[in-house]
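Q: Here it is, the structure in full.
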Amino acid sequence: MELLDNLALGFSTALLVQNVLYCFVGVLLGTAVGVLPGIGPTATVAMLLPITFSFEPVTALIMLAGIYYGAQYGGSTTAILINLPGESSAAVTALDGHEMARQGRAGPALAAAAIGSFVAGTVATVALAAAAPPLASVALRFGPADYFSLVLFGLIVSIALARGSALKALAMIALGVLLGTVGQDIYTGTPRFVFEQRELYGGIDFVSVAVGLFGVAEILRNLENEQTRTAIVSKVTNLWPTREDRRRIIAPILRGTGLGAALGVLPGGGHVLASFTSYAVEKRISKRPQEFGRGAIEGVAGPESANNAAAQTSFIPLLTLGLPAHPVMALMIGAFIVHGITPGPNVINDEPALFWGLIASMWIGNVLLLLLNLPLIGLWVRMLRIPYQVLFPMIILFAAIGTYSLNFNAYDVYAIAFFGILGYILIKCGCEPAPLLLGFVLGPLLEENLRRSLIISRGDPSVFVTRPISAALLALAVVALVVAVLPTIRRRRAVVFAEDE
Amino acid sequence: MERRRSLPDVLAGGIFVLIGGAFVVGALGYELGTPTRMGPGAFPLLVGAAVVALGLAIAGKGLVAGEVISFGPVPWRAVAVIVLAVLFFGFTIRRLGFVPTTAVTALLTTLASARVRLLTAVAVAAGLTVASTLIFVVGLQLRIPLWGPWLGF
């Protein structure tokens, strides 16, 4: 049983005292920041990322993963209690969760979310452990041309899954790729687009991009119309769901887990799609569809499970192919690179303790999350009362300090302001920020593999269609592009996404 | 979804054209190389051209059949103050040191809200300065001097 051996190795790493401790700290910090209204998981991870840089690689990555699912969970608490989802995947939870809270049933809603997340996290961790090694061994046979096509495929699929205009998403990706070319050229060392500023030779730091797009831009949007937030945060009582509730959430949790685990692998917001799909499925097969939107506990349990399962399985493309499925995974790539590890198929063989330790820690993190969240709910409720006038200066300040501490480079801080403004304007024009970040992170990979394959093929571009893997991926990318642009399918997609609007 | 002329679409397209165009012009200044050995300018040139093309498509579509999005109000004060605060932080952190830079940045950002009173702002800024000094310098051992050379240290 190789899987068991591997998991044993993983648990022996993950259960080291310092790893459990920092997993706990990560989950706690992640939840605490994720609970704050208006900050989604991406901004949370970007802001807390610098904290992890001083640790050992395994510990740092375990902590970061903890921050991620802590933030995810904290976001759903906010969604349920005050109807302010931090990111789109929690928007579904807000539908019925907040309705339940208004009926005085916040406790069961939070418990359903926590239990669902835990079950989903457990199942998806096993799925991750089982699926990663075979995928990684396939990926090892990839040549540069195949990688180029894979990255292109990933970027294009992310458009097909994103909401909003496909044309704009495509433009955002291309813009991200373009901004990723700033800095020294990998082959010739020529500094590009640096305006003679030595500080820009290393390129723009992805943390600045993420903090600007997801932190500063979001704050500016929140400051558009300031009003005293009607925080009707009632006391959370009766945490434990009734027997009727428990009976009703079992099937949605299992279905949500399955859906989420499968969809989470897809690039570009599989977790959002997973929670929306789960909600739609539950509503369709429910005997009481009229209850949905009026506080149906199935509408909380299903999407929350789907969301969390997808959060775990989105590590599969990261750990096996080095491809981020969504912005948070893009930040994880950055964290790997900071620690001198290139994420991809080699990690599993070169760093088995890190690979399996990270996977095992996800399960431990889910246990911690369950133990932490239900008893600490009172604390989270109190954090929700922090006035925005204190909150947003804190976010900006911590973001500035955090990005400066990355390289002690003032340009990283200036970049926050630049991307904050750029992101703000583009978001107001109806462009989603996530594709830009994905393009930014994957751009250098795209360029490197394009140039390397052309060097190997002596300038013959047909290499991309004559290699079977590459050709298949490009064909799939074309299909995905057609799907994304085709009006009829877009309309149906709009229906899936429109459930909450 | 109703479709008609949409100014936000035209604006978005314009931004893409502008940035893409700037990169194209910049890329032409670098060596383009041959397909076998692409120079540093080739890839940005290709992608920049794609961004320009997509921007033109978005703007063009926005003129005839754009997405109906309302642009909404812009919190000019917040935009100006936050940009100023972030630039100030980047510029002075080396020169003034951690404590004064943090304090001024915090105070400036707090003033971004149109509803804040000066006294509250000072209190929030003081609190944040103490908190971030404790977290980042004492707790996380960040190697940034507390007081910088501009203050005679």
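Q: Quick check on residue A:43: is it of a type in the set (Gly, Ala, Ser), within 23 Å of the chain's Cα centre (by Cα), surrounded by fewer than 24 Cβ atoms within 10 Å (Cβ to Cβ) and under 30 Å from residue A:293 (Cβ atoms)?
A: Answer is no for this residue.
Q: Can you go through A:393, A:387 and tell me which one is closer than 27 Å to residue B:120 by Cβ, more than 23 Å from the chain's Cα centre (by Cα) and crowded, with 24+ Cβ neighbours inside 10 Å?
A: A:393
Q: Next up: Pull up the range A:283-337, narrow it to residues that are among the polar types (S, T, N, Q) and either in contact with a Cys (Cβ under 7 Å, 6 or more places away or on another chain) or buried (at least 21 other Cβ atoms within 10 Å of the Cβ) (or both), then point me to the one that is farthest from residue A:252 (Cα to Cα).
A: For the range A:283-337, the residue satisfying everything is A:320.
Q: Which ones in the range A:377-398 are at the interface with chain B (Cβ under 8 Å from one of its Cβ atoms) and modelled with pLDDT of 85 or more?
A: Those that are at the interface with chain B (Cβ under 8 Å from one of its Cβ atoms) and modelled with pLDDT of 85 or more: A:390, A:392, A:393, A:394, A:396, A:397, A:398.
Q: Would the range B:10-19 turn up any residue that is more than 20 Å from the chain's Cα centre (by Cα), over 20 Å from residue A:421 (Cβ atoms) and not small (Gly, Ala, Ser)?
A: no
Q: From the set of residues in the range B:110-142 that are more than 25 Å from the chain's Cα centre (by Cα) and part of a loop (DSSP other than H, G, I, E, B), which is farthest from residue A:408 (Cα to Cα)?
A: Checked the range B:110-142; the qualifying residue farthest from residue A:408 (Cα to Cα) is B:117.
Q: In the range B:143-153, which residue that is outside any helix (DSSP H, G or I) and in contact with a helix residue (DSSP H, G or I) (Cβ under 9 Å, 6 or more places away or on another chain) is farthest from residue A:386 (Cα to Cα)?
A: B:148
Q: Continuing with the same structure: Inside the range A:48-77, can you point out the residues that are of a type in the set (Phe, Trp, Tyr), over 19 Å from residue A:372 (Cβ atoms) and either within 15 Å of the chain's Cα centre (by Cα) or not in a helix (DSSP H, G or I) (or both)?
A: Result: A:55, single match.
Q: Let me ask another. In the range A:129-150, how many are closer than 30 Å to residue A:300 by Cα and surrounded by fewer than 24 Cβ atoms within 10 Å (Cβ to Cβ)?
A: Residues that pass the stated criteria total 3.
Q: Just for the range B:54-97: of the residues that are within 19 Å of residue B:24 (Cα to Cα) and within 9 Å of chain A (Cβ to nearest Cβ), which one is farthest from the chain's Cα centre (by Cα)?
A: Going through the qualifying residues, I end up with B:57.
Q: Which residues, counting only those in the range A:159-198, are more than 10 Å from chain B (Cβ to nearest Cβ) and over 22 Å from residue B:46 (Cβ atoms)?
A: A:160, A:161, A:162, A:163, A:196, A:197, A:198
Q: Suppose we filter B:64, B:25, B:86, B:74 for residues that are without any contact (Cβ under 8 Å) to a residue 24 or more places away in the chain, surrounded by fewer than 19 Cβ atoms within 10 Å (Cβ to Cβ) and part of a helix (DSSP H, G or I); which single one remains?
A: Of B:64, B:25, B:86, B:74, the one residue that is without any contact (Cβ under 8 Å) to a residue 24 or more places away in the chain, surrounded by fewer than 19 Cβ atoms within 10 Å (Cβ to Cβ) and part of a helix (DSSP H, G or I) is B:25.
Q: While we're looking at this one, here's another question. State all residues of the range A:400-425 that are more than 8 Å from chain B (Cβ to nearest Cβ) and of a type in the set (A, V, I, L, M); if no residue qualifies, say none.
A: A:406, A:415
Q: Among (1) assigned to a helix (DSSP H, G or I); (2) in contact (Cβ under 8 Å) with a residue 60 or more places away in the chain, where does residue A:482 come up short?
A: Among (1) assigned to a helix (DSSP H, G or I); (2) in contact (Cβ under 8 Å) with a residue 60 or more places away in the chain, the lone unmet condition for residue A:482 is (2).
Q: Sticking with this structure for a sec: Only one residue in B:51, B:81 is free of Cβ contacts under 8 Å to residues at least 40 places away in the same chain and in the same structural domain as residue B:17 (by TED's automatic domain parsing), so which one is that?
A: Every option except B:51 fails the conditions.
Q: Could you go through the range A:151-161 and let me know if any residue there is without any contact (Cβ under 8 Å) to a residue 40 or more places away in the chain and crowded, with 21+ Cβ neighbours inside 10 Å.
A: The answer is no, given that none of the residues of the range A:151-161 is without any contact (Cβ under 8 Å) to a residue 40 or more places away in the chain and crowded, with 21+ Cβ neighbours inside 10 Å.
Q: Still on this model: Just one of (1) more than 7 Å from chain A (Cβ to nearest Cβ); (2) free of Cβ contacts under 8 Å to residues at least 24 places away in the same chain trips up residue B:36, so point out which.
A: That leaves (1) as the condition not met.
Q: Please pick out the residue among A:454, A:422 that is in contact with a strand residue (DSSP E or B) (Cβ under 7 Å, 6 or more places away or on another chain) and modelled with pLDDT of 85 or more.
A: Selected residue: A:454, the only one of A:454, A:422 that is in contact with a strand residue (DSSP E or B) (Cβ under 7 Å, 6 or more places away or on another chain) and modelled with pLDDT of 85 or more.
The values are calculated or read from the model by the stated rules, or taken from the named source; none is laboratory data. Treat the numbers as computed from the prediction; the structure is a model and nothing was measured. Glycine gets a Cβ as well: all are built from the backbone with ideal geometry, and neighbour counts include every protein chain shown.
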